Amino acid sequence: MAVRLAAVCNRVSEAASRVGRDPSGVEILPVTKGHPAPLIREAAALGLGCIGENRVSEAEAKFGALEGKLDVEWCLIGRLQRNKARRAVRLFDSIESVDSMRLAQTLSRIALEETTEACPVLVQVNASGEATKAGFGPAEAVDAVLEICELPGLRVDGLMTMAPFGSDEHELRGVFVSTRGILEECGRQDPRFKGGTLSMGMSNDFEIAVEEGSTRVRLGSVLVGPRPAGRA
Ligand SMILES: *Cc1c(COP(=O)(O)O)cnc(C)c1O
């Protein structure tokens, strides 16, 4: 992973410098789903301060195997069913995949019961409007973000998006540009809105995402190695 991390950091730096950005404004989130728990230890040892998991049960099993979270922030990046929201709030330090108003309301209520500090979340945007993708579509996203900001117990740090699989570069760029536009519009419509995180970019598109303003790239295969067969 150390070798892969060095290569990834280089690629992030080069993408950032192509557009005059400071590469330190891009955080690397290693995605450890589908890999055994000790990989999280390896990421922590390399100084990576956070990890992304996409399933509550898998993360719970790893938490048990590692006897704790290590010195790492655990971030939920996958679709969350409302009946697992309490377990997610207990285990994860932040939730990137708030993809519906009902989920946001459930998380708000549970966070108030479970924690004293607001639960950091990102609102998931379905910028391409693809029917099968989770998240708020471009037409509704700004209103949804501002409405979620009013829910107690949550702190909206920004947006997350996933580009449709198999898109060409032009489409990918469009998804990232549109997501950044939604974040900027939130700030214009409500000056109190302070969320600056744009979680966009995965192994096969992170350089384009960095060029278009990503502040957090979620990297699985390119950083931690190919997932064992059978995992999306
Ligand atoms: C698996 C996953 C990633 C990382 O995927 P790679 O293509 O392996 O980098 C990023 N984000 C989400 C939401 C994921 O589920």
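The values are calculated or read from the model by the stated rules, or taken from the named source; none is laboratory data. Quantities reported herein were computed from a predicted structural model and do not represent experimental measurements. Every residue, glycine among them, receives a Cβ derived from its backbone with ideal geometry; neighbour counts consider all protein chains shown. Surface accessibility is based on the protein's heavy atoms, side chains included, excluding ligands, DNA and RNA. Shrake-Rupley method; radii C 1.70, N 1.55, O 1.52, S 1.80 Å.
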**Prompt:** When all alpha-carbon pairs of the stretch 1-57 are counted, what percent fall beyond 16 Å?
**Reply:** 49 percent
**Prompt:** To the nearest whole percent, what portion of all C-alpha pairs in the stretch 24-109 is separated by more than 14 angstrom?
**Reply:** 61 percent
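If exposed means no more than 12 neighbouring beta carbons inside 10 Å and the site is in a DSSP loop, what's the longest run of the chain without any exposed GluC sites (Glu not before Pro)? Please list the in-between numbers first.
On the way: sites that count: GLU67, GLU117, GLU150.
That would be 151-232.
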**Request:** State to the nearest 20 debye the size of the charge dipole of the stretch 57-113 about its Cα centre, where the only charges are +1 on K and R beta carbons and -1 on D and E beta carbons.
**Result:** 400 debye
**Prompt:** Length gain on complete extension for the stretch CYS9 to GLU169, per 0.36 nm per residue less the alpha carbon to alpha carbon distance?
**Reply:** 55.5 nm
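Calculated FRET efficiency, SER17 and GLU140, Cβ-Cβ r, R0 35 Å, to nearest 0.05? Display every interim value, and only then the final one.
Numbers: r = 35 Å, r/R0 = 1.01.
E between SER17 and GLU140, to the nearest 0.05, is 0.50.
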**Extreme residue, positive dipole direction of the chain, given options PRO23, ALA65, ALA144 (C-beta unit charges)** = ALA65
**Dipole of the stretch 2-224, positive direction: furthest Cα of SER100, HIS35, ASN126, with charges on the beta-carbon** = HIS35
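If you count only protein heavy atoms with a 1.4 Å probe, what accessible area per residue comes out for the chain, rounded to a whole Å²? Show your work: numbers first, answer last.
On the way: 10680 Å² over 232 residues.
Computed with neighbouring chains in place, this is 46 Å² per residue.
Hey, any idea what % of the chain's accessible area is carbon plus sulfur with a 1.4 Å probe? Mind dumping the intermediate values first?
On the way: 5400 of 10680 Å².
Roughly 51 percent of what the probe reaches on the chain is carbon or sulfur.
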**Request:** May I have the extent of the alpha carbons of the stretch 2-224 along their three principal axes, as whole Å values ordered from largest to smallest?
**Result:** 43, 43, 31
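Taking 8 Å as the Cα distance limit and 6 or more residues as the minimum spacing, I'd like the relative contact order of the stretch 2-224 as a percentage. Kindly include the intermediate steps, with their values, before the conclusion.
Numbers: 417 pairs, mean separation 45.3, N = 223.
Worked out over the stretch 2-224, it gives 20 percent.
So what's Rg/Rh here for the stretch 146-230, counting alpha carbon atoms and using the Kirkwood radius for Rh?
Working: Rg = 14.7 Å, Rh = 14.0 Å.
Here Rg/Rh amounts to 1.05.
Might you report the magnitude of the Cβ-based charge dipole of the stretch 2-224 about its Cα centre, with Lys and Arg at +1 and Asp and Glu at -1, to the nearest 20 debye?
Values: 26 positive and 32 negative charges, 108 e Å.
Here the stretch 2-224 has a charge dipole of around 520 debye.
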**Item:** For the stretch 43-89 versus the stretch 105-173, the gap between their alpha-carbon centres in whole angstrom
**Value:** 18 Å
**Fill in**
Here, trypsin sites (Lys or Arg not before Pro) of the stretch 20-79 satisfying both criteria (DSSP loop; at most 15 other Cβ within 10 Å) are ARG79
**Prompt:** In terms of the ratio Rg/(2.2 N^0.38 Å) built on C-alpha atoms, what value belongs to the stretch 169-212?
**Reply:** 1.25
